[in-house]
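The values are calculated or read from the model by the stated rules, or taken from the named source; none is laboratory data. These figures come from a predicted structure and were not determined experimentally. Here the Cβ is made from the backbone with ideal geometry for all residues, glycine too, and neighbour counts use every protein chain on show. Accessible surface areas use protein heavy atoms only, side chains included; no ligands, DNA or RNA. Shrake-Rupley method; radii C 1.70, N 1.55, O 1.52, S 1.80 Å.
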Amino acid sequence: MAENVLISILIPVYNAERYLERCLESVLAQTYGSFEIVAIDDGSSDGSPAILDAYAQRDPKRVRVEHRANAGAAEARNRAIELAQGEYVAFLDNDDWLDPDFLDQLVSHVGEGADIVFGGYRRPHADGSVASEIVPHPGEEWAPFAVLAAWAKLYRREFLLANDLRFLSANIYEDLYFSIPAIYAAQRTEVVPYCGYNWFMNPESVSNTSQRTSEGLEFDRAMGALVDRVGVDASGRQDALFVHAMVRLGVFSLFLTRDGDGPELAAERTVLLRAWLDAHVPAWRSDPYARMGRPRGDSRGARIATWLFVRHPRLFAAALRLK
């Protein structure tokens, strides 16, 4: 089955002229040949539209482009899902790139119709050095959550449509409204201990701004929408791994903005996060995964941070103040 599966590579593009050709060439260089590129130009004002059109003219059977007014990456991805013709889709950001065997490796695990195939990623710098690498492993409880971004995976398109899985138009965590509900909706998944997605450490990216503050970021909206979407089980309880994921996301938000916010605001936001979790994720204070060695497959730093937040708030406050 996997040999002839058409894969749609979905790329939202916004002012990416510096890195866009590298991104596109990495797809065209795939050792697996049955794919199409669906690129959505999200109102770019640089040379990106011309680059996309040149590729579409050169290879019209494999490269399709739609130009639209700027509406954000979430809406561009949602539109790309609608336009995709492949049985499976994969997401690729316009400044990232794929290893040549990325599709080959993941498609080989599609089997008889996996809803999601999970892979890993690395974080390369511009000089070629690698800051970090995440490789999920079958049997690890955190494996489906190891990459919470939409990329580094294959999704069966009909599964996405049947479950109305879409991206949230928010300025933070827009991927999570798609990827975490997908985990819970999937009936069959495969975890591949392979790393072939390159998440570029772009020095110009907003996500790499060291002085980022929490001002204007829609953490509560995004996390609230996610809680509403995933919901509770038949007994009225939230899944334990989901509870842990929400705590972890909240903790990550504190570290993401601590340098820009400063110690006083970071401490205030910690109190607000605890109150928010009490209201929306009431089981968080007894989170069974908030332990030094759990969940299996998560990074040591994330495990320690969530453990301190849940079990040792004073030590967490001290850790948050560290540079």
Problem - Distant-in-sequence amide H partners of TRP97 (H built 1.01 Å from N, under 5 Å) - result: ASN198, PHE200
Handout entry: Within region 1-146, percent of DSSP bridges classed antiparallel, to nearest 5
Key = 15 percent
Exercise for the section: For the chain, report the accessible area per residue in Å² (1.4 Å probe, heavy atoms, rounded to an integer). Expected result: 45 Å²
Practice task
Label region 250-323 by shape, choosing from rounded, prolate and oblate, from the square roots a ≥ b ≥ c of the eigenvalues of the Cα gyration tensor; if a/c is under 1.5 it is rounded, and otherwise prolate applies when a/b is larger than b/c, oblate when it is not.
Solution key: oblate
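Pull out the extension gain between PHE255 and LEU272, defined as 0.36 nm times the separation in residues minus the alpha carbon to alpha carbon distance; nm, one decimal.
On the way: separation 17, 0.36 × 17 = 6.12 nm, distance 1.44 nm.
Net length gain for the segment: 4.7 nm.
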Handout entry: For region 124-135, 3J(HN,Hα) per residue [Karplus equation, 6.51 cos²θ - 1.76 cosθ + 1.60, θ = phi - 60°, Hz, x = Gly/Pro]
Key = x, 7, 4, 7, x, 6, 10, 6, 6, 8, 10, 10
Problem - Distance in nm between pseudo-label sites at ARG291 and GLU158 (7 Å out along the Cβ direction from Cα) - result: 4.1 nm
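Can you check what the net charge comes to around PRO138, using other residues whose Cβ is under 12 Å from the Cβ of PRO138 (Lys, Arg +1; Asp, Glu -1)?
Numbers: positive: ARG296; negative: GLU140, GLU141, GLU190.
Here the count lands on -2.
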Handout entry: Accessible area of the chain belonging to carbon and sulfur atoms, whole % at 1.4 Å probe
Key = 50 percent
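Quote the charge dipole size of region 3-76 about the Cα centre in Debye, to the nearest 20; the model charges only the Cβ of Lys and Arg (+1) and of Asp and Glu (-1).
Values: 7 positive and 12 negative charges, 26 e Å.
In total the dipole reaches around 120 debye.
How big is the antiparallel share of DSSP beta bridges in the chain, given as a percent to the nearest 5? Show your work: numbers first, answer last.
Details: 10 of 33 bridges.
The answer is about 30 percent antiparallel.
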Exercise for the section: About the Cα centre of region 239-323, how large is the charge dipole given +1 on each Lys and Arg Cβ and -1 on each Asp and Glu Cβ? Please answer in debye to the nearest 20. Expected result: 420 debye
Practice task
Provide the net charge surrounding TRP307, with neighbours chosen by a C-beta distance below 10 Å and charges set as Lys +1, Arg +1, Asp -1, Glu -1.
Solution key: +3
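Report relative contact order for region 111-253 in percent, whole number only (criteria: Cα-Cα under 8 Å, sequence separation at least 6).
Working: 199 pairs, mean separation 43.4, N = 143.
Once normalised by length, the contact order is 30 percent.
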Fill in the blank from the handout: With a ≥ b ≥ c from the Cα gyration tensor eigenvalues, square-rooted, and the rule rounded for a/c under 1.5, otherwise prolate when a/b > b/c and oblate otherwise, region 137-176 is oblate
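Among 291-303, 190-202, how do they line up by average Cβ neighbours within 10 Å per residue, starting with the highest?
Numbers: 291-303: 15.0, 190-202: 20.5.
Result, highest mean Cβ count within 10 Å first: 190-202, 291-303.
So for region 69-169, averaging the separation of alpha carbon pairs under 8 Å that are six or more residues apart and normalising by length, what relative contact order in percent results?
Working: 99 pairs, mean separation 40.0, N = 101.
In percent, rounded to a whole number, it is 40.
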Handout entry: ALA302-LEU265 pseudo-label distance in nm [points 7 Å out on the Cα-to-Cβ vector]
Key = 2.6 nm
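For region 24-154, what class follows from the C-alpha gyration tensor (a ≥ b ≥ c being the square roots of its eigenvalues): rounded when a/c is under 1.5, otherwise prolate if a/b is larger than b/c, else oblate?
It is prolate, given that a/c is not under 1.5 and a/b is the larger ratio.
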